[in-house]
1. Enumerate the calculated ³J(HN,Hα) couplings along the stretch 681-695 in order (Karplus 6.51 cos²θ - 1.76 cosθ + 1.60, θ = phi - 60°), each rounded to whole Hz, writing x wherever the residue is Gly or Pro.
2. Return the whole-Å distance between the Cα centroid of the stretch 127-167 and the Cα centroid of the stretch 25-78.
3. Which value does Rg/Rh take for the stretch 721-811 over its C-alpha atoms, Rh per Kirkwood?
4. Quick check: net charge around G238, other residues with Cβ under 10 Å of its Cβ, Lys/Arg +1 and Asp/Glu -1?
5. Which whole-Hz ³J(HN,Hα) couplings does the stretch 458-463 yield from phi under the Karplus relation 6.51 cos²θ - 1.76 cosθ + 1.60, θ = phi - 60°, glycine and proline marked x?
6. Identify, among G362, G311, A391, the residue whose Cα sits farthest towards the positive end of the charge dipole of the chain, taking +1 on the Cβ of Lys and Arg and -1 on the Cβ of Asp and Glu, with the dipole about the Cα centre.
7. Alpha carbon centre of the stretch 803-834 versus the stretch 687-752: separation in Å?
8. Beta carbons within 10 angstrom, averaged per residue: use that to sort the peptides 195-204, 793-802, highest first.
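Please treat every number below as a calculation from the coordinates, not as lab data. Predicted model only: the values in this text are computed from it and were never measured. Heads up, the Cβs are rebuilt from the backbone with ideal geometry, glycines too, and the neighbour counts pull from every protein chain shown.
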Amino acid sequence: MQDTQEASKNETDYQPQAVEAAAQRYWNAQRAYEVKEDPAKPKFFCLSMLPYPSGALHMGHVRNYTIGDVISRYQRMNGKNVLQPMGWDAFGLPAENAAIKNKTAPAKWTYANIEHMRGQLQSLGYAIDWSREFATCRPEYYRWEQLMFTRLLKKGLAYRKNSVVNWDPIDQTVLANEQVVDGRGWRSGAVVEKREIPQWFLRITDYAQELLDGLDTLPGWPDAVKTMQRNWIGRSEGLEIHFAVEGEREPLTVFTTRPDTLMGVTFVSIAGEHPLALKAAANNPQLAAFLEELKHGGVSEAELETQEKRGMATGLYAIHPVSGEQVPVWVANFVLMGYGTGAVMAVPGHDARDFEFAHKYGLPIRQVIACGSEAYDPAAWQEWYGDKTRADMRVVNSGALDGKNYREAFDYLAAKLEAEGKGLRRVNWRLRDWGVSRQRYWGCPIPVIYCPKCDAVPVPEDQLPVVLPEDVAFSGVQSPIKADPEWRKCRCPQCGGPAERETDTFDTFMESSWYYARYTSPGANAQVDERANYWLPVDQYIGGIEHAILHLLYFRFYHKLMRDAGLVQSDEPATNLLCQGMVIAETFYRENADGSKDWINPADVEIQRDDKARVVGALLRSDGQPVKIGGIEKMSKSKNNGVDPQAMVGKYGADTVRLFSMFAAPPEQSLEWNEAGVEGMARFLRRFWREVTTHASQPDHPVVNPAQLNGEQKALRRQLHETIQKVTVDFGRRHSFNTAIAALMELLNAVNKFADMSEQGRAVRHEALETMVLLLNPVVPHVSHQLWQVLGHAEAVLEDQPWPAVDEAALVRDSLTLAVQVNGKLRGTIEVPAHAGKEEAEALALAQPQVAAFLKELSVRKVIVVPGKIVNIVAG
Ligand code: ANZ
Ligand code: ZN
């Protein structure tokens, strides 16, 4: 309400639409943000994760790209040659699903979305070099990905093996995980089956150690991301130990990280798919039935830890490699075939899973680890039973190992078993090779030809790219290239005989693993050219934390692949990483008779507040009736609480939207979208506008002469230069944009209160406002662009103006305010000359009227002066 009155009072005020259109027109005409390599300047590559062209920009995009834009503009004002590019992660399932639904082609849908979203991005005024834009679904882009793949294939870094997929028996097609809903096909509703089919893999495990070590060279990455990557890579050091099996020639090899517990082994557990289990099942129908059951009850890795432990004895016995004792071999549902050796030496005394298993099946439990004087009770599991890190942990009941700690026992047994040929030191990784095959149409075709004689042959380089036809019609869900024998048909490049093309396409993480490098080399007749070494590594990468593991790991891996192919020189793709938080908003709903909820968009709701601005209710605008408030959640389609950025830009202007998204929260934290806050930002920009235009309408004034300033003038100037100092650190180093903006708001308040109309007063005000225009430019570049001219400058690209410098002399204070405490309680303050000594401060403190009054009845015992801060008087 207040707003409209304010606006109408100031007819000449800020008109965001006109200001923004004019600034954007100028930047485009100047090609202000197109950049070239310039060896004379330090470069700064500022990269935001590229968007998926889903149809419309959402607030998460706006937040991400605004952070990137603020950093880009700031760095350029600090003399850097800044590259800020943009592109489209254009392949992927949503396009295919939309096409199947609407009977159009995914390409058409995708290109239309890109057109629309480009316009939206441009309306936000980002300083992007649009000349480098590309969509990853274009053959000019993906041909280089295909070329790299064929080279990796020749190097042995790409290979084919069988792997499990979701099979829809009605639609006769493979489904992506997202297309399986509650175990059923998303369209057919059929129960999804597991099928093994051959698929392509990249040997990321060859780079596991380097990917792990590289994290230590990235101080500019958040610790949380590095920890997630370390856990995902999952290096574990242990021993492989061979157990002889009675009646078998081959020993059974287990992998253990706890050889110190070897003497506590009371059985051995193997996976259902372990060869020894299959062999034992051959003449044991009960076991065979159990193995069959395990196969179908497939659980995800996450569920493994919590699922009920189940097993069955194989009837086989292993020989303990040290004691020679017989121990039974069991099949256990929590042992994975794909990790270690698929066999585990079970130590129920010290492994929680084995403990539970032993209890269930009545297998012996033996204590071999002790911690201090803690009592061991096999009836109930205690945390310390499995803790190898405690300083007081020792091996017990284990003969020669007794009294050793974890490390000593590990090394002792490693040496002993290696010498006896019964074991080997070994490192295992949790990381698996990257499966890159997808049975989808809308992706980059995998450049391989299958020949009945020559098997899988890479497509020769001069026949690349293998182009995905874009003008296709879907019949059902089957990939149109799989359904088209003409497309599949080709000649074998090796023997010339009839052959067929691969119809699978790459995982879309392939495109997003190297796009950053392509931005450096537009038009290059190679994946990248020498320009990549000018721009790389990325100086600042910005994106969502949801990409902390997969994308960021593949991106680091692909960079190393390009390095090893001689394409780039650096070891890591990005020096600094910022993961922005989510955008969240209030949710609203009405309940239906059957208990289901209809979610209502915040834009259609009017919030009711009490006189303390507390939310007391909400009404649907269209019918004026109440709706329920459902709590603050991540903006999403399912809760219908997304706020459309375009609507906000239309209503308030891009600068207000940008300012709010930078001010409302620190970048790593959740940002709650609320329109009252947005209105606050609009108000600030109007005040700023009014302050500058009013000042500009006043008569000319001389420049600031520091020697002539009075106390108030000096104080405003000091606040200005303190603000420059703060904003510089907050934008440049801390990325604490919200606190920088808060300091600028305080400065505007100070300017507003400063009523001095003398010549030097106007000069100081001018310095403050002009500096604010520059300091705010990274956040609200359109407003700054216009106000710069209002202040008498020619129209300019403000990023070419130098970033304001701190005048150290302006920071010096003539006097300081000290607090005076008596016996720890604040009793008054004093003004002391900045250079005053302790004696002077002490004398002024004792003479301060309130303090003196308080001390009347007391005698002073001691006075402690903390220079610049406080005077502490001890009296009694
Ligand atoms: C004996 C033992 C005693 C173990 C003890 C642990 C605690 P990480 O750290 O993840 O590498 N293990 C080995 N292979 C397995 C497989 N295929 N499926 C399920 N579990 C497997 O884990 C290594 C430990 O997990 C190994 O050390 C093994 O159990 C188990 F007090 O061996 B341990
Ligand atoms: Zn052939």
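1. Residue by residue, the stretch 681-695 yields 5, 4, 5, 4, 5, 5, 5, 4, 4, 5, 4, 6, 5, 4, 4 Hz.
2. 25
3. We get a ratio of 0.95 for the stretch 721-811.
4. Here the count lands on +1.
5. x, 5, x, 4, 6, 9
6. The Cα lying farthest towards the positive end belongs to A391.
7. Cα centroid of the stretch 803-834 versus Cα centroid of the stretch 687-752: 20 Å apart.
8. 195-204, 793-802
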